[in-house]
1. In this structure, does A:Val39 turn out to be within 16 Å of ligand 3 (Cβ to nearest atom), touching a residue at least 60 places away in the same chain (Cβ under 8 Å), among the β-branched types (Val, Ile, Thr) and under 17 Å from A:Asp8 (Cβ atoms)?
2. Name every residue in segment A:221-242 that is under 21 Å from the mean Cα position of the chain (by Cα), away from chain B (no Cβ under 11 Å) and open to solvent by less than 50 Å² (accessible area, probe 1.4 Å), in order of residue number.
3. For segment B:33-55, which residues satisfy the criterion of being more than 13 Å from ligand 4 (Cβ to nearest atom) and within 12 Å of chain A (Cβ to nearest Cβ)?
4. Can you confirm whether B:Gly144 is at the interface with chain A (Cβ under 9 Å from one of its Cβ atoms), away from ligand 2 (no atom under 16 Å from the Cβ), buried (at least 24 other Cβ atoms within 10 Å of the Cβ) and not polar (S, T, N, Q)?
5. Looking at B:Arg246, B:Arg219, B:Arg211, B:Arg197, which one is open to solvent by 10 Å² or more (accessible area, probe 1.4 Å), within 12 Å of another protein chain (Cβ to nearest Cβ) and under 21 Å from B:Met1 (Cα atoms)?
6. Could you please find all residues in segment A:96-109 being without any contact (Cβ under 8 Å) to a residue 40 or more places away in the chain and either open to solvent by 60 Å² or more (accessible area, probe 1.4 Å) or among the small types (Gly, Ala, Ser) (or both)?
7. Return only the number of the condition from (1) within 17 Å of B:Leu171 (Cβ to Cβ); (2) in contact with a helix residue (DSSP H, G or I) (Cβ under 9 Å, 6 or more places away or on another chain) that B:Arg89 does not satisfy.
8. Please determine whether any residue of segment A:46-59 is more than 18 Å from the chain's Cα centre (by Cα), touching a residue at least 24 places away in the same chain (Cβ under 8 Å), surrounded by 15 or more Cβ atoms within 10 Å (Cβ to Cβ) and under 28 Å from A:Arg24 (Cα atoms).
Amino acid sequence: MTLLSIQDLNVVFPGKSGPVHAVRGVSIDVTRGESYGLVGESGSGKSTVLRAVAGLAPVSEGTITLDGQTLGRKRDRAFYRRVQMVFQDPYGSLHPRHTVDRVLSEPLAIHRMGDAEKRIARALDEVGLGQGFRFRFPHQLSGGQRQRVAIARALILEPEIMLLDEPTSALDASIQAEVLNLLDRLRVERGLTYVMVSHDLGVVAHMCERLSVMEQGRVVETLTRADLRALRATQPYTQRLLAASRGFTRADPVT
Amino acid sequence: MSLISVRDLTVSFPTRDGWVDVVRDVSFDLGRERLGIVGESGSGKSQTGRALLGLTPPPGRARAERLDFDGQDLRRATARDWRAIRGRRIAMVMQDPKYSLNPVMTIGAQMREAGRIAGVADPASTAHRTLEAVQIRDADRVLGAYPHELSGGMGQRAMIAMMLMAEPEVLIADEPTSALDVTVQVEVLRILDDLVRDRGMGLVFISHDLRLVSTFCDRVLVMYAGKVVEELAAADLDRAKHPYTRGLLNCLPRLDREPGPLPTLDRQEEWAL
Ligand SMILES: Nc1ncnc2c1ncn2[C@@H]1O[C@H](COP(=O)(O)OP(=O)(O)OP(=O)(O)O)[C@@H](O)[C@H]1O
Ligand SMILES: Nc1ncnc2c1ncn2[C@@H]1O[C@H](COP(=O)(O)OP(=O)(O)OP(=O)(O)O)[C@@H](O)[C@H]1O
Ligand SMILES: [Mg+2]
Ligand SMILES: [Mg+2]
């Protein structure tokens, strides 16, 4: 059953040197409980698609449906209880003057969820940050620690859908593995649905059943995990990406 | 002769439980080469890089037995000395490009200013050319754009381009390609590689991606809990001794891996001693 449906989405930003047509007619159906991947060139519109779902991009055309209900321009509080986003740039998305504790307790207060103490402690543990980080400010954290605070903030509301924009690209492999395992486990346990942007095909193949490849604002192909693993791609960009990911350990990238 | 020579660098921050050393006795020499620093999130990579430029954020403190650049003792550098060094002779690409770019200035204005500070003859056309070199498709639009109008990978490349304009003698690049897919990554690495080979630049390449670093760099320092726990010639990655380094490669998701939980590290207390 389709939980999130994006139909013919177009996003146009007003730019100084003319409008920027960042998303051009993208359609994606995400089934409940599925993990859906978005890959594509830098600047192809991946983050903008997620932001449009979250109500943070100027949609010029198209419809976004959540559980059969078409979303209007504004997202209400109930929407953010169900749909949470982890942004690509964790620095920009964490308030510089708020401690980790405040970052995590504020959404709980807004959505009137009790047991704040327990939930905060658990969320920090889950992303591999202990209680010692609770009263730090963002600038007192490393890049990967900030990223994990952003993931904890999204998880703490126990949403149904998580929009994950490069959630682990700032993490070393050991912590990435822990975060990916956590996301996988929560999906099974709580029946969560993910839409996940990543430039790492290994991550997408591990996490996602299906994925769409974007180029210059359009979806140019949609593959299953099996297609990806069998290297069955038809688009040149996807093929280049596959070739580069495959040969990386052996081939010297700078010959 | 080495460009940068560091002995027993320690960086500390005050916390609720007193001063904590987040970088502990780090020593290395950087020649006209590609030196990789890898390590766990929070292990002190960025703070090591910042300390080389005297950019330890207050109230943090950095101290070292030796911190030399081209024969000059950086521990005694005055504000004026630093002005002559930062962004001209030693440049740093910060981990958070959007944070280090000025949000109210266009990319073009920032690049032209960086070029002027570095004494570039024709900042405007150099800016354009450098953006194209880092594979930005639409250099004109990007020059006129504000940082928030760029995608993650575009911001990262704009930041690299800005630092390259000065043709520094040393470049400290902190996770410079983490937002880029492998196809673009290769192009950016090639530029850095050319600068090391043709112009004798020294490159400190900070990354959490061990595989990338080992294919690109000459030498790799592996950090864990503030310390360098291992130094390897990049080609000797297979012979890594430290369990953190050895375990790291197993944790990577791969296209050909069977589904199921990824292996994780069983961290031992003694690694952090
Ligand atoms: N606020 C904005 N104003 C103007 N243009 C914008 C704005 N936000 C994004 N864009 C443009 O829209 C296009 C798509 O950006 P988006 O961030 O969606 O790319 P992306 O696929 O996520 O790339 P990356 O992998 O580099 O993060 C880019 O050309 C970008 O410059
Ligand atoms: N202002 C500060 N006050 C207290 N602790 C700090 C401060 N800044 C950084 N730290 C701590 O110093 C340690 C090292 O941070 P650093 O940013 O160097 O890590 P890193 O190796 O670059 O990690 P990442 O891969 O996540 O970017 C971290 O544990 C971080 O929480
Ligand atoms: Mg993006
Ligand atoms: Mg860092």
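The values are calculated or read from the model by the stated rules, or taken from the named source; none is laboratory data. This is a predicted model, so every value here is computed, not measured. FYI the Cβ positions are ideal-geometry reconstructions off the backbone, even for glycines, and counts take in every protein chain you see. Ligands, DNA and RNA are stripped out before the accessible areas are found, and what is left, the full protein with its side chains, is counted by its heavy atoms. Shrake-Rupley method; radii C 1.70, N 1.55, O 1.52, S 1.80 Å.
1. no
2. Hits for segment A:221-242 are A:Glu221, A:Leu223.
3. B:Arg34
4. Judged against the criteria, B:Gly144 is not a match.
5. The conditions single out B:Arg197.
6. Scanning segment A:96-109 gives A:Arg102, A:Ser105, A:Glu106, A:Ala109.
7. Status for B:Arg89: all satisfied but (2).
8. yes
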